[in-house]
1. Open to solvent by 20 Å² or more (accessible area, probe 1.4 Å) and more than 24 Å from residue 167 (Cα to Cα): is that true of residue 55 in this structure?
2. Are any of the residues in segment 82-94 closer than 18 Å to residue 16 by Cα and open to solvent by 10 Å² or more (accessible area, probe 1.4 Å)?
3. Here are 80, 29, 37: which of them is within 13 Å of the ligand (Cβ to nearest atom) and on the phi > 0 side of the Ramachandran plot?
4. So which of 285, 278 ends up being open to solvent by 20 Å² or more (accessible area, probe 1.4 Å), touching a strand residue (DSSP E or B) at 6+ places or on another chain (Cβ under 8 Å) and within 20 Å of residue 172 (Cβ to Cβ)?
5. Scan segment 104-114 residue by residue and report those that are touching a Leu at 6+ places or on another chain (Cβ under 9 Å), open to solvent by 20 Å² or more (accessible area, probe 1.4 Å) and over 17 Å from residue 7 (Cα atoms).
6. Step by step: first the residues of segment 11-26, then only those that are outside any helix (DSSP H, G or I) and over 11 Å from residue 71 (Cβ atoms), then the one that is nearest to the ligand (Cβ to nearest atom). Which residue is that?
7. Within segment 196-239, which residues are open to solvent by 10 Å² or more (accessible area, probe 1.4 Å), farther than 21 Å from residue 120 by Cα and of a type in the set (A, V, I, L, M, F, W, C)?
8. List pairs: first residue in segment 80-94 and free of Cβ contacts under 8 Å to residues at least 40 places away in the same chain, second residue open to solvent by 60 Å² or more (accessible area, probe 1.4 Å) and near the ligand (Cβ under 10 Å from one of its atoms) anywhere in the structure, Cβ distance under 6 angstrom, at least six positions apart or on different chains.
Amino acid sequence: MRVLVAGATGAVGRPLVPLLLDAGHDVIGLSRSEAGGQWIRAQGAESVQADALDRDGLRRAVESANPDVVVQQLTDLIGGDGAANNRLYRDGTRNLVEAATAAGAGRFIAQSIAFAYEPGATPADEQVPLYVHADPPWRDSVTAIATLEETALAFGDTVVLRLGVLYGPHTWYEPGGAVASALSGEPGAPFIANLTPDDSISSFVHVADAARAVVAALDWPPGPINIVDDEPAAGREWIPVLAAALGAPAPAPMNVKQDWARGASNALARSRGWRPVFPTWRTGFAAQTG
Ligand SMILES: NC(=O)c1ccc[n+]([C@@H]2O[C@H](COP(=O)([O-])OP(=O)(O)OC[C@H]3O[C@@H](n4cnc5c(N)ncnc54)[C@H](OP(=O)(O)O)[C@@H]3O)[C@@H](O)[C@H]2O)c1
């Protein structure tokens, strides 16, 4: 198949491009920059250049790629600007779905998150509604992700991958990344997740496992699906383990819990044959430094 990857140079895109090529697909990576295009071509893929917020330019680029499948792995979190990321989720996804439709693609695979669910006592499955009535500012993020999902699903044959908190190469959690800086108390670290060792529960996924889910999703039935590891965990458990792996101090624990931080279940993905290479952050965090 011809698979266009929007976000080919990102944290998930980088492991995804070689996996798709190894599986025998023709891969076309989208980047805004010539440097991104060079990286994509060096992997053995084709590249197209466009900004997802430029509706007409994106449409021309996607049409020229003539894809069977369009994969959306776009985020704009690097600068810590939540509003910019929400704009990309809304407008970038709309533009990409329109471009995929115009290009005659048959399938769309979108990146969402597995931590936007309504509060509850157990890890969320895919039937739990998104928490669009959360208090601001979380409501703004959840509303944007809900719009991303609705827009992507309106394409028709769409799989929405609800990813856990990403770690591994090119993420905030890698050695020397934003989380290590924040744990070490360095100023200027961009916006990152809650780093208080409290009772809030997170589900993680390594970028390599997220990329493997994209390849598997080429053949999955449409709809949303959680892509998370096997061990949802409270901050008081995972933060000291991460801090030790990064050689950073762990903050003091606190007895608080964010109501929506409940983790997610991977039962559906496992029932479809997806198996995480890193089934738990306990070993996955340490592997980042290995
Ligand atoms: N589920 C999660 O926990 C989750 C999800 C996403 C991100 N994150 C975190 O956020 C960190 C910051 O990453 P990031 O936001 O820079 O994501 P990233 O996944 O590392 O890269 C973003 C990708 O989106 C592309 N992109 C961004 N804006 C675009 C636009 N307007 N038009 C076309 N392409 C565009 C970039 O391409 P070019 O720059 O080549 O144009 C790049 O390939 C990640 O490393 C990760 O730790 C976490």
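The values are calculated or read from the model by the stated rules, or taken from the named source; none is laboratory data. Everything numeric here is computed off the predicted structure, so don't read it as measured data. A quick note on method: Cβ atoms are made from the backbone with ideal geometry, for glycine too, and the neighbour counts reach across all protein chains shown. The area values use the complete protein model at the heavy-atom level, side chains included, leaving out ligands, DNA and RNA. Shrake-Rupley method; radii C 1.70, N 1.55, O 1.52, S 1.80 Å.
1. Yes.
2. The answer is no; no qualifying residue exists.
3. 80
4. 278 is the lone residue from the list that is open to solvent by 20 Å² or more (accessible area, probe 1.4 Å), touching a strand residue (DSSP E or B) at 6+ places or on another chain (Cβ under 8 Å) and within 20 Å of residue 172 (Cβ to Cβ).
5. Selection gives nothing.
6. 11
7. Passing the criteria: 208, 215, 216, 218, 220.
8. Listed by first residue and then by second, the contacts come to 91/53.
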